[in-house]
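The values are calculated or read from the model by the stated rules, or taken from the named source; none is laboratory data. Everything numeric here is computed off the predicted structure, so don't read it as measured data. Here the Cβ is made from the backbone with ideal geometry for all residues, glycine too, and neighbour counts use every protein chain on show.
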Amino acid sequence: MNASFVYRTLITKMLRILVVCVCYAALALSAAVASAADSRGQASERAFSENPRVVIETTEGNIEIELLPKFAPKHVNNFLDLVEKDFYSGLIFHRVIPNFMIQAGGYEVGVKYRTHDDNMVPNESYNGLKNKRFSVAAARTDDPDSADTQFYINVVDNPFLDAQPNKPGYTVFGRVIDGFDAVERIELTDTHLRMGMAGVPEQPIVISAVEWLNPQ
């Protein structure tokens, strides 16, 4: 048998084996990427017999919120995961804009950002809920699926934050049911520019705890 023929045959077999290995590696990588994508933003799955209620204890008084898992299950589960981890204790209302909203969930006293795991939540703004006064919604960047730990309370109706055809809005996942006076006190607090951020209260408004009132 011709030596060059044997050599070519051997090379061909080796190339076939290499191609098969590359294909298997690509499939494994694709599966890993898909798994990571599927887990992005996934919070604990819970079944609720009634709407969860939480109380946000602040230095300006308590705010009781009813969460709405029927309309925004991913956001509600993510929020409750953070509550159970005691994530919000020690954070401040870092953005307060009268006649608009009050925002918390990202910064400590001194406007120090609190780091956290990547837990971005898919947008659920097409749920029929509106950014009306005293509704609670998820803050995010321009990426509709970037909501994570920060939330805000609307102090007036803000329809421009609602979902529009072909344009996701800001997901409403709860509503204030008690502590309206505390919300109004926070709204009317004096603010200034701090660390490049506008609307920071001059006197820190601190969340001492967030308690789940009716765990299920």
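Tell me yes or no: at least one residue of region 65-75 is touching a residue at least 40 places away in the same chain (Cβ under 8 Å), among the β-branched types (Val, Ile, Thr) and outside any strand (DSSP E or B).
Among the residues of region 65-75, not one is touching a residue at least 40 places away in the same chain (Cβ under 8 Å), among the β-branched types (Val, Ile, Thr) and outside any strand (DSSP E or B), which makes the answer no.
Which of the residues belonging to region 46-62 are of a type outside the set (Val, Ile, Thr) and outside any strand (DSSP E or B)?
Arg46, Ala47, Phe48, Ser49, Glu50, Asn51, Pro52, Glu60
Let me confirm something: among Lys130, Lys167, which residue is under 20 Å from the mean Cα position of the chain (by Cα), more than 18 Å from Phe79 (Cβ to Cβ), among the basic types (Lys, Arg) and surrounded by 16 or more Cβ atoms within 10 Å (Cβ to Cβ)?
After applying the criteria, what remains is Lys130.
May I ask you to say which residue of Val156, Val83, Val96 is hydrophobic (A, V, I, L, M, F, W, C), assigned to a helix (DSSP H, G or I) and in contact (Cβ under 8 Å) with a residue 24 or more places away in the chain?
Of Val156, Val83, Val96, the one residue that is hydrophobic (A, V, I, L, M, F, W, C), assigned to a helix (DSSP H, G or I) and in contact (Cβ under 8 Å) with a residue 24 or more places away in the chain is Val83.
Restricting to region 193-216, give me the number of residues that are among the charged types (D, E, K, R), in contact with an Asp or Glu (Cβ under 8 Å, 6 or more places away or on another chain) and touching a residue at least 40 places away in the same chain (Cβ under 8 Å).
Residues in region 193-216 being among the charged types (D, E, K, R), in contact with an Asp or Glu (Cβ under 8 Å, 6 or more places away or on another chain) and touching a residue at least 40 places away in the same chain (Cβ under 8 Å): 1 in total.
Taking the criterion of being of a type in the set (Val, Ile, Thr), part of a strand (DSSP E or B) and either touching a Leu at 6+ places or on another chain (Cβ under 8 Å) or without any contact (Cβ under 8 Å) to a residue 60 or more places away in the chain (or both), would at least one residue in region 174-192 satisfy it?
The answer is no; no qualifying residue exists.
Anything in region 136-152 that is touching a residue at least 40 places away in the same chain (Cβ under 8 Å), touching a Phe, Trp or Tyr at 6+ places or on another chain (Cβ under 9 Å) and either among the acidic types (Asp, Glu) or assigned to a strand (DSSP E or B) (or both)? List them, or say none.
Val136, Ala138, Ala147, Phe151, Tyr152
Checking the structure you have, find out if any residue of region 103-112 is without any contact (Cβ under 8 Å) to a residue 60 or more places away in the chain, surrounded by 14 or more Cβ atoms within 10 Å (Cβ to Cβ), of a type in the set (A, V, I, L, M) and part of a loop (DSSP other than H, G, I, E, B).
Scanning region 103-112 turns up no residue that is without any contact (Cβ under 8 Å) to a residue 60 or more places away in the chain, surrounded by 14 or more Cβ atoms within 10 Å (Cβ to Cβ), of a type in the set (A, V, I, L, M) and part of a loop (DSSP other than H, G, I, E, B).
Look at region 133-154 and say how many of its residues are surrounded by fewer than 23 Cβ atoms within 10 Å (Cβ to Cβ) and either among the hydrophobic types (A, V, I, L, M, F, W, C) or at pLDDT below 95 (or both).
Number satisfying all stated conditions: 2.
Going by the conditions given, is Phe5 assigned to a helix (DSSP H, G or I), among the aromatic types (Phe, Trp, Tyr) and modelled with pLDDT under 95?
Yes; evaluated as a whole, the condition is true for this residue.
Would you be able to say whether some residue in region 199-212 is more than 16 Å from the chain's Cα centre (by Cα), buried (at least 16 other Cβ atoms within 10 Å of the Cβ), in a helix (DSSP H, G or I) and of a type outside the set (Asp, Glu)?
No, the conditions are met nowhere in region 199-212.
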